[in-house]
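**Q** Have a look at this one.
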Ligand SMILES: [Zn+2]
């Protein structure tokens with residue numbers, strides 16, 4: 001199977017003969033075509049994009065608590081909602097909740 005880079009490498013010069021491209025488009029395509037083991041950081045490079053996604057995923061995995069459930073919904077009774085509209089109070093609730101779940105994950109691991 002041919003990669004997007006290989007397809008562009010083979011067809012980009014012919015494309016440019018028939019179509020206009022901006023300086024930015026030409027630069028990004030060229031960076032992608034020339035990309036090797038060193039990252040080109042082109043926004044359209046599938047190799048660099050996969051590498052970035054893999055690194056991001058691993059960083060996320062390393063920083064998450066080892067718990068089977070990662071989504072928690074906190075609800076508050078309507079009586080408390082005016083109090084929680086104050087960012088300081090809401091922050092106290094969220095930090096306390098985070099600490100509670102951190103302790104729970106440590107107990108279960
Ligand atoms: Zn690249």
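**Q** Residues that are more than 16 Å from the ligand (Cβ to nearest atom) and in contact with a helix residue (DSSP H, G or I) (Cβ under 7 Å, 6 or more places away or on another chain): does the stretch 25-47 have at least one?
**A** Within the stretch 25-47 (the criterion being more than 16 Å from the ligand (Cβ to nearest atom) and in contact with a helix residue (DSSP H, G or I) (Cβ under 7 Å, 6 or more places away or on another chain)), the answer is no, since none of the residues qualifies.
**Q** Here's something else I'd like to know. Please verify whether the stretch 15-23 includes one or more residues that are in contact with a helix residue (DSSP H, G or I) (Cβ under 9 Å, 6 or more places away or on another chain) and surrounded by fewer than 13 Cβ atoms within 10 Å (Cβ to Cβ). Walk me through how you get there before you give the answer.
**A** Looking only at the stretch 15-23, we keep the residues that are in contact with a helix residue (DSSP H, G or I) (Cβ under 9 Å, 6 or more places away or on another chain), and these are 15-16, 21.
From what is left, the residues that are surrounded by fewer than 13 Cβ atoms within 10 Å (Cβ to Cβ) are 15.
Scanning the stretch 15-23 turns up at least one residue that is in contact with a helix residue (DSSP H, G or I) (Cβ under 9 Å, 6 or more places away or on another chain) and surrounded by fewer than 13 Cβ atoms within 10 Å (Cβ to Cβ).
**Q** Follow-up question, since we're still on this one. In the stretch 73-81, is there at least one residue being part of a helix (DSSP H, G or I), farther than 22 Å from residue 2 by Cβ and at pLDDT 90 or above? Give the derivation first.
**A** Of the stretch 73-81, the ones part of a helix (DSSP H, G or I) are 81.
Imposing the further condition that a residue be farther than 22 Å from residue 2 by Cβ reduces the set to 81.
Those left that are additionally at pLDDT 90 or above: 81.
Looking for residues that are part of a helix (DSSP H, G or I), farther than 22 Å from residue 2 by Cβ and at pLDDT 90 or above, one finds at least one in the stretch 73-81, hence yes.
**Q** Here is a further query. List the pairs whose first member sits in the stretch 19-37 and is farther than 17 Å from residue 50 by Cβ, whose second member is in a helix (DSSP H, G or I) and more than 9 Å from the ligand (Cβ to nearest atom), and whose Cβ atoms are under 7 Å apart, counting only residues at least 6 apart or on separate chains?
**A** As it stands, the answer is 29/8; 29/12, since those pairs meet every condition given.
**Q** Determine whether the stretch 57-65 contains at least one residue that is more than 11 Å from the ligand (Cβ to nearest atom) and over 15 Å from the mean Cα position of the chain (by Cα).
**A** If we filter the stretch 57-65 for residues that are more than 11 Å from the ligand (Cβ to nearest atom), which is where we start, we get 57-65.
Right, trim to over 15 Å from the mean Cα position of the chain (by Cα) and you get 65.
Yes, the stretch 57-65 contains a residue that is more than 11 Å from the ligand (Cβ to nearest atom) and over 15 Å from the mean Cα position of the chain (by Cα).
The values are calculated or read from the model by the stated rules, or taken from the named source; none is laboratory data. These figures come from a predicted structure and were not determined experimentally. Positions of Cβ are generated from backbone atoms using ideal geometry, with glycine treated the same way; all protein chains shown enter the neighbour counts.
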